[in-house]
Amino acid sequence: MANFSDAEREIYGKLADYLIPSWKDRPAATSVGVHRHMLDEVLRIRPDLEAAFQRAIARCPGQDISKELNALAREDNAAWTALTTVTTGGYMMTDEARAAVGYPGQVAPPYDPNETPEYVTNGMLDRVKARGPIFRDTRHLS
Amino acid sequence: MARADQEADVLIIGSGPSGAVTAKLLTEAGMSVVTLEQGTWFDPGDYPGDKKEFELAAGKQWHPAPNVRDRERDYPINTSESDVEPLMQSAVGGSATIWAGHWVPFLPSDFKVRSLDGVAVDWPFDYYEVLPHLEAVEKLVSSSGTRGNPGYPEQAGYPTPQIPIGKAGMKLAEGMDKLGWHWWPGLNAMPSIPWQGQNPCARRGTCMFGCPEAAKWSPDLVLFKEAKKYGHRMIAGARVSEIIYDDNLSRVTGAVYIDQNGRERKQMAKIVILCANAIGTPRILLNSKSKRFPDGLANSSGLVGRNLMMHPFGLVMGHFEENLESWYGPSGQLINTLQFYETDESRGFVRGAKWGGMSGGGPLSSKGFVGSEVFSDNGRIEDHWGENWHKMIESKFGRTALWAIVGEDLPEESNRVEIDADLVDSDGIPAPKIIYKTSENSRRLLDFHAERAKESMEAAGAKSTSVAPQMRESGWHLLGTTRMGNDPKESVLNQYGQSHDIPNLFIFDLSAFPTGAGANPTATLMAVAHRQATHLVNEARNVEVA
């Protein structure tokens with residue numbers, strides 16, 4: 001796995017914050033470490049993204065971010081996809097970002113399989129039954 | 001020189017749902033059965049669904065397309081001339097390790113499309129002959145659901161209660177209710193209570209990356225463990241290079257395979273049953289040439305590899321004001337509808353589609369609402385990133401329900417599987433190429449259904465909708481490449497999945513389906529395999545073996 005220099009991480013941080021800035025109570029990309037430990041974590045999980053990601057940051061030095069990223073999106077789709085996947089993937093794995101968007105993760109909510117569902121008690125399912133069968137029978141063809 | 005192991009009564013090639021049902025029934029009947037599976041065993045603990053990185057891993061290691069995963073156990077497929085990318089998994093349990101668990105039996109009309117609609121071909125048997133086998137396999141897969149769906153003829157109930165449909169399913173149902181359209185709580189191959197060694201569905205919503213709860217049914221969890229008690233032998237990591245045909249006997253006698261260590265071996269058997277999916281099965285047959293079958297085994301009709309069907313698949317998403325917690329599952333269907341399933345020629349196409357109501361998924365799925373492709377039309381990234389990305393997440397993530405539309409694909413001989421001239425797998429075995437074009441009927445079908453699905457979303461109160469018509473990476477259901485029929489010139493197999501050409505060669509996977517219906521096929525796949533295996537057990541003494 002690549003070792004990114006502080007300068008490379010700083011450049012990527014600028015790009016990441018342009019894609020995901022702070023907004024209302026939601027943190028910016030760099031404030032949850034997208035360019036630090038989360039970059040390493042994402043590329044540990046997805047080493048296949050590394051080459052295209054490196055191409056993206058090499059091509060976008062952060063002088064005119066809007067111009068650089070728009071050009072990247074149009075001219076090197078793989079690099080653009082790697083950049084946005086690394087950024088959103090890293091961001092949404094952090095506890096801070098998940099808390100800010102109200103996402104508990106793929107947890108297992110408790111449920112009672114024997115509880116009568118609302119669509120039964122309010123009559124919705126009965127209305128489907130009352131309309132009767134909708135399939136075409138074929139017994140006459142056998 | 002290949003090493004030959006002891007002869008078995010039956011050799012099964014492929015360990016997905018059809019192979020698993022077959023192995024269970026035949027071993028219980030006292031036959032010695034060996035299954036060769038190109039993939040290896042997965043441990044549910046390795047599935048990413050309960051880990052933070054699950055969506056990132058789903059983009060590569062757990063991607064459903066073998067061409068994307070590119071693992072040593074996958075075989076490459078040349079798809080340069082295909083509109084659709086085929087999806088599958090190489091593992092004990094086959095693609096059912098990563099299926100969504102949607103249990104949608106075919107309808108009576110699906111077996112009679114020539115008689116009813118004047119298209120394609122009728123099946124050599126009908127729905128009512130399959131029904132008792134369907135009821136049997138619904139118990140095997142520990143299904144959960146609600147009895148009494150007026151979309152189907154009356155049938156027995158399901159072994160475990162309905163899994164909650166959640167806020168997203170309820171929202172979709174409300175839209176259908178307002179329009180007076182058919183809907184029904186989702187029937188899934190996963191129990192809601194502990195059942196037959198499977199855990200209850202935990203509603204994590206990550207079925208399609210493997211079920212870390214060991215709840216969703218897959219062959220490795222249940223049937224192969226049961227079959228082992230009766231002496232079934234699974235050889236994992238065994239990649240079949242060819243089926244052995246004896247020109248003197250006019251019978252198949254086994255298969256040559258490459259084991260995990262790269263050694264060439266033989267497994268001899270009195271009967272060979274292919275269950276390797278509608279690309280893998282014709283690949284093996286076309287790679288198995290002999291003096292009598294220079295164009296591939298069991299191919300006197302010239303139809304091996306022909307009539308490849310892949311259901312046209314579209315998504316319609318509704319984005320709602322309310323928080324639907326739409327990351328919860330199951331990814332098995334929450335609800336479904338058959339409202340527009342049957343043919344109405346006034347719509348401008350024949351046959352129809354089933355819609356499966358599902359949740360919007362995890363946060364990276366929300367990135368899919370933006371996508372990369374939007375920038376190809378002179379848009380600017382700022383339209384979707386920066387503050388607009390936060391606004392998109394705020395308005396759509398957790399607030400999206402979707403209809404997954406599975407339409408019927410009619411068979412066409414020009415849609416086919418061939419052997420690629422150059423491509424090989426990691427063992428050097430020639431790899432397949434598929435040639436597939438989406439038909440005009442399929443395009444019209446998807447357009448019509450997408451419009452109706454949008455109407456239902458709007459009736460449910462969606463503040464906006466998004467449509468993803470005919471996605472390329474949507475070849476979940478592969479069918480038709482060695483089809484059954486009564487005429488040996490027009491089909492490869494008879495009604496029991498037995499080769500017209502070779503009496504001890506059978507095919508029980510989706511390759512055998514003459515038509516594909518407009519529904520997820522696993523329920524009918526397993527029911528038909530149950531029928532065929534039951535027949536084989538009953539007629540075993542009469543089968544002309546090697």
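The values are calculated or read from the model by the stated rules, or taken from the named source; none is laboratory data. All values derive from a computational prediction rather than experimental measurement. Ideal geometry is used to build each Cβ from the backbone, glycine not excepted, and the neighbour counts take in all protein chains shown.
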Subject >> Unique match (being out of contact with any helix residue (DSSP H, G or I) (no Cβ under 6 Å at 6 or more places or on another chain), of a type in the set (Val, Ile, Thr) and in a strand (DSSP E or B)) among B:ILE405, B:ILE434 >> reply: B:ILE434
Subject >> Complete set of residues in the stretch A:57-113 that are more than 8 Å from every other protein chain (Cβ to nearest Cβ), in a helix (DSSP H, G or I) and hydroxyl-bearing (Ser, Thr, Tyr) >> reply: A:THR87, A:TYR91
Subject >> Which listed residue is in contact with a Gly (Cβ under 9 Å, 6 or more places away or on another chain), closer than 27 Å to B:GLY475 by Cα and assigned to a helix (DSSP H, G or I), from B:LEU172, B:LEU134 >> reply: B:LEU172
Original post:
Can you spot a residue in the stretch B:56-79 that is modelled with pLDDT of 95 or more, more than 14 Å from chain A (Cβ to nearest Cβ), touching a helix residue (DSSP H, G or I) at 6+ places or on another chain (Cβ under 8 Å) and part of a strand (DSSP E or B)?
Top reply: yes
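Per-residue answers, yes or no, for (1) touching a Ser or Thr at 6+ places or on another chain (Cβ under 8 Å); (2) small (Gly, Ala, Ser); (3) surrounded by fewer than 24 Cβ atoms within 10 Å (Cβ to Cβ):
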| site | (1), (2), (3) |
| --- | --- |
| B:TYR127 | yes, no, no |
| B:GLY148 | no, yes, yes |
| B:GLY157 | no, yes, yes |
| B:PRO161 | yes, no, yes |
Subject >> Residue check, B:GLN495 in a loop (DSSP other than H, G, I, E, B) and within 14 Å of chain A (Cβ to nearest Cβ) >> reply: yes
**OP:** Mind listing whichever residues of the stretch B:104-123 are away from every other protein chain (no Cβ under 11 Å) and surrounded by fewer than 18 Cβ atoms within 10 Å (Cβ to Cβ)?
**Re:** B:GLY118, B:VAL119
Original post:
Among all residue pairs at least 6 apart or on different chains, which show Cβ distances below 7 Å where the first residue, located in the stretch A:121-142, is within 7 Å of chain B (Cβ to nearest Cβ) and the second is of a type in the set (Lys, Arg) and assigned to a loop (DSSP other than H, G, I, E, B)?
Top reply: A:THR138/B:LYS112; A:LEU141/B:LYS112
**OP:** Please tell me if B:LYS167 is among the charged types (D, E, K, R), more than 7 Å from chain A (Cβ to nearest Cβ), crowded, with 21+ Cβ neighbours inside 10 Å and not in a loop (DSSP other than H, G, I, E, B).
**Re:** no
Original post:
Do we have B:SER288 as at pLDDT 95 or above, part of a loop (DSSP other than H, G, I, E, B), of a type in the set (Ser, Thr, Tyr) and surrounded by fewer than 24 Cβ atoms within 10 Å (Cβ to Cβ) here?
Top reply: yes
Subject >> Tally, over the stretch B:315-353, of residues that are among the small types (Gly, Ala, Ser), surrounded by 24 or more Cβ atoms within 10 Å (Cβ to Cβ) and out of contact with any Ser or Thr (no Cβ under 8 Å at 6 or more places or on another chain) >> reply: 2
**OP:** Please find, among B:GLN162, B:GLN155, the residue that is within 14 Å of chain A (Cβ to nearest Cβ), at pLDDT below 95 and either in a loop (DSSP other than H, G, I, E, B) or under 26 Å from A:GLU115 (Cα atoms) (or both).
**Re:** B:GLN155
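Table: residues versus (1) modelled with pLDDT of 95 or more; (2) in a helix (DSSP H, G or I); (3) surrounded by fewer than 24 Cβ atoms within 10 Å (Cβ to Cβ).
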{"position": "B:VAL467", "(1), (2), (3)": "no, no, yes"}
{"position": "B:THR482", "(1), (2), (3)": "yes, no, no"}
{"position": "B:THR524", "(1), (2), (3)": "yes, yes, no"}
{"position": "B:GLN532", "(1), (2), (3)": "yes, yes, no"}
Original post:
Applying the selection to the stretch B:170-188, what residues are among the small types (Gly, Ala, Ser) and within 9 Å of chain A (Cβ to nearest Cβ)?
Top reply: B:ALA173, B:GLY180
**OP:** Look at B:LYS178 and say whether it is surrounded by fewer than 20 Cβ atoms within 10 Å (Cβ to Cβ) and either farther than 30 Å from B:LEU297 by Cβ or in contact with a Gly (Cβ under 7 Å, 6 or more places away or on another chain) (or both).
**Re:** yes
Original post:
Hey, among B:LYS112, B:LYS167, B:LYS216, which residue is in contact with a Leu (Cβ under 6 Å, 6 or more places away or on another chain) and within 20 Å of B:SER331 (Cβ to Cβ)?
Top reply: B:LYS167
Subject >> Residue identified as within 18 Å of the chain's Cα centre (by Cα) and either closer than 30 Å to A:VAL128 by Cβ or not in a strand (DSSP E or B) (or both) among B:VAL119, B:VAL104 >> reply: B:VAL104
Subject >> Among (1) modelled with pLDDT under 95; (2) touching a Pro at 6+ places or on another chain (Cβ under 6 Å) - the single one B:LEU87 does not satisfy >> reply: (1)
Subject >> B:ARG147 at pLDDT below 95, in a loop (DSSP other than H, G, I, E, B) and basic (Lys, Arg) >> reply: no
Original post:
Out of all the residues in the stretch B:3-42, which are in a strand (DSSP E or B) and surrounded by 24 or more Cβ atoms within 10 Å (Cβ to Cβ)?
Top reply: B:VAL10, B:LEU11, B:ILE12, B:ILE13, B:VAL33, B:VAL34, B:THR35, B:LEU36, B:GLU37
Subject >> Output for the stretch B:58-68, where each listed residue is surrounded by 19 or more Cβ atoms within 10 Å (Cβ to Cβ) and closer than 17 Å to A:THR84 by Cα >> reply: B:ALA58
Subject >> Boolean, B:VAL256 is surrounded by fewer than 20 Cβ atoms within 10 Å (Cβ to Cβ) and more than 29 Å from A:PRO110 (Cβ to Cβ) >> reply: yes
